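Below: one structure, written as structure tokens.
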Amino acid sequence: MRPDGSRLAHRLDDEQVRRFICNGVLVLDSALDPGVHQQIFDKLEWNAEHEFYMGNNVLPRIAELQHILDAPAIHGALQSILGDGYVLSPHRSRHVSEPLDEAERELTLTGSEHGAPMGEGSSGNSAWHQDGHIPMSRARYHVPRMAMILYFPQDTPVERGPTRVIPGTQLQPYLRKSDYPFAFVADDIKAGTCLLIDFDIAHAALTNVTDSTRYMIKFIFLRTRNPVAPSWDGGEAEWQPPKVRLGQFDHSETWSYIWDWMRGAPRFATRNAAGSNEIPRLIGLLNGTDQPARLEAIYELAAIGAETMGPLTESLLENAGHEREFTCPYQLDKYGEYVPIGDPNERRWNDVAYTLQDEAYALGAMGEVAVRPLMELLGHDDAWIKINAAFALGEVGAPAACAVPDLTNLLDHELHQVARAGLDAMGCIGTNIGVAVPAIRRLLTVDNPAWQEGMRAGQRYGEVGVRFNALCALLNSDVDMDEVDDLMVSCLGNVNGYVQALAVEALTRPRTGEDRPGLRQALHYLRAHRWDHTLTGERLL
């Protein structure tokens, strides 16, 4: 760290950012002294042999991990993808891949296996999956609002079972068997290597056929500001594909949109949009199973502009009042994975992560022209329509600031899912949030028994999710933190460690006119050492 308490950063270049947009994964060298990784590995070994499962406390238990997060190559990469104000999520975990029994090691693996065999005692999940959002249940975004660092403290050749990913799946609403053959397995992971991956990308552990345990530490990071300029070294030129593409599809229109969003450029300012006569055909491709077709249709419709507003709104409203369960039911499969019951492509809320109707993605990408029609949709009786409209307003960003009062009305809805979506949208808009502070204050200080059913400390449902999203909305907003200091202090007494962690983050944010580098350094240290007592001795997600 510098004397002023800030961290050094080595930012990504254009080619690396393009690869991340297309592939959803970058392999990074933390470039630290090998002794740091050995010290971390030794402590992980000691913990595994003599102590209890650490859960979210892996960082305070092994505080040397903060060196990885502070490494210029890692910090700079996170700034490049998530912006300078990103925060570390309170959810982080240690994943262990134990050696397969020696008698079972004579097997041939391609790296694409779903549910590859794992050694006894392994905690890594070898079935292909997309992670859920703990504990706030956020939408699956196309633009980078969340990312993960997977850190390997030891050399991890393919034989030792590195985490693998399926490039491009971060843009898909669900996984299919046809995705599996396109798996990417990094073949030269040295101690100190980190995988920077999109939060929504499909990933899985791989079989360990060596004699040594493989450890991986997962950290999650959240964006807190919408981009107004590139946050990496570059971003001045228009989109072009990277030199290295790993996925099976070409999503050029989608990638171009994400690139422009990340560099704060005028949306679709230089695009040649499809003609208005194409609107019915493009609408017909939405929410389908053809991934390239549905994704390109979303952003082609957005590029056409106001002419698509009516057809998109009408198509979205066709999803109101359906005779279906509002929350997607899940069941355990033979790999121990929770899989949706029914059509996996059907868009419904679930308490882990949810994909919206494609119409909502298109309306959000249209920008300010969609704000007024979306505000009208917030008043619809159907909860799923409200959630989709809120999401789309959040995707519009700052130009949707006038919708914050209407989004505030959602916070009184009887369904916590609607309140959570409203709060998430506010956090994505990021401005004019002051009008919602009284309602947010009430959510954080007044219990709602209807949202507590079946809840225990550490779970990710109902009221905990509402309060986590409420704190995210404040952290991402233009609200002066001085105005809510008392509220943040009251949250330190919450029974849930996730809520406490975000309150601490808010309390450590710079204040107006504040210049106390020593205090910032001290708080940076204490954030890493904060103990989450709600998970002590108990293994919870």
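On the stretch given as the range 178-192, residues that are part of a strand (DSSP E or B) and among the β-branched types (Val, Ile, Thr) total 1.
Checked against (1) crowded, with 23+ Cβ neighbours inside 10 Å; (2) at pLDDT 95 or above, residue 502 passes all but condition (2). Filter the range 212-257 down to residues that are in a helix (DSSP H, G or I) and touching a Lys or Arg at 6+ places or on another chain (Cβ under 9 Å) and give me whichever is nearest to residue 161 (Cα to Cα). Looking at the filtered set, the residue picked out is 255.
What is the one condition in (1) open to solvent by 80 Å² or more (accessible area, probe 1.4 Å); (2) modelled with pLDDT of 95 or more that residue 52 does not satisfy? Checking residue 52 against (1) open to solvent by 80 Å² or more (accessible area, probe 1.4 Å); (2) modelled with pLDDT of 95 or more, the one that fails is (2). Would you check if there is a residue in the range 442-453 being open to solvent by less than 60 Å² (accessible area, probe 1.4 Å), touching a Ser or Thr at 6+ places or on another chain (Cβ under 9 Å) and either modelled with pLDDT of 85 or more or in a helix (DSSP H, G or I) (or both)? The answer is yes; a qualifying residue exists. Here 83, 76, 119 are screened, and the one residue that is over 28 Å from the mean Cα position of the chain (by Cα) and at pLDDT 95 or above is 119. Condition test on residue 339, is it on the phi < 0 side of the Ramachandran plot, of a type in the set (Val, Ile, Thr) and modelled with pLDDT of 95 or more? Against the criterion (on the phi < 0 side of the Ramachandran plot, of a type in the set (Val, Ile, Thr) and modelled with pLDDT of 95 or more), residue 339 does not qualify.
Within the range 160-177, residues that are farther than 13 Å from residue 246 by Cα and assigned to a loop (DSSP other than H, G, I, E, B) reach partners that are modelled with pLDDT of 95 or more and among the charged types (D, E, K, R) with beta carbons closer than 6 Å, at six or more positions or on different chains, in the pairs 161/214. For the residues 44, 107, the requirement of being in contact with a strand residue (DSSP E or B) (Cβ under 6 Å, 6 or more places away or on another chain) and aliphatic (A, V, I, L, M) singles out 44. Could you tell me whether any residue of the range 106-119 is assigned to a loop (DSSP other than H, G, I, E, B), open to solvent by 20 Å² or more (accessible area, probe 1.4 Å) and β-branched (Val, Ile, Thr)? Scanning the range 106-119, I find at least one residue that is assigned to a loop (DSSP other than H, G, I, E, B), open to solvent by 20 Å² or more (accessible area, probe 1.4 Å) and β-branched (Val, Ile, Thr), so the answer is yes. Would you point out which residue out of 293, 303, 297 is part of a helix (DSSP H, G or I) and without any contact (Cβ under 8 Å) to a residue 12 or more places away in the chain? After applying the criteria, what remains is 293. Quick check: is even one residue across the range 225-246 open to solvent by less than 10 Å² (accessible area, probe 1.4 Å) and within 30 Å of residue 158 (Cβ to Cβ)? Taking every residue of the range 225-246 in turn, none turns out to be open to solvent by less than 10 Å² (accessible area, probe 1.4 Å) and within 30 Å of residue 158 (Cβ to Cβ).
The values are calculated or read from the model by the stated rules, or taken from the named source; none is laboratory data. These numbers come from a predicted model, not from an experiment. A quick note on method: Cβ atoms are made from the backbone with ideal geometry, for glycine too, and the neighbour counts reach across all protein chains shown. What goes into the accessible areas is simple: the full protein's heavy atoms, side chains included, and nothing from ligands, DNA or RNA. Shrake-Rupley method; radii C 1.70, N 1.55, O 1.52, S 1.80 Å.
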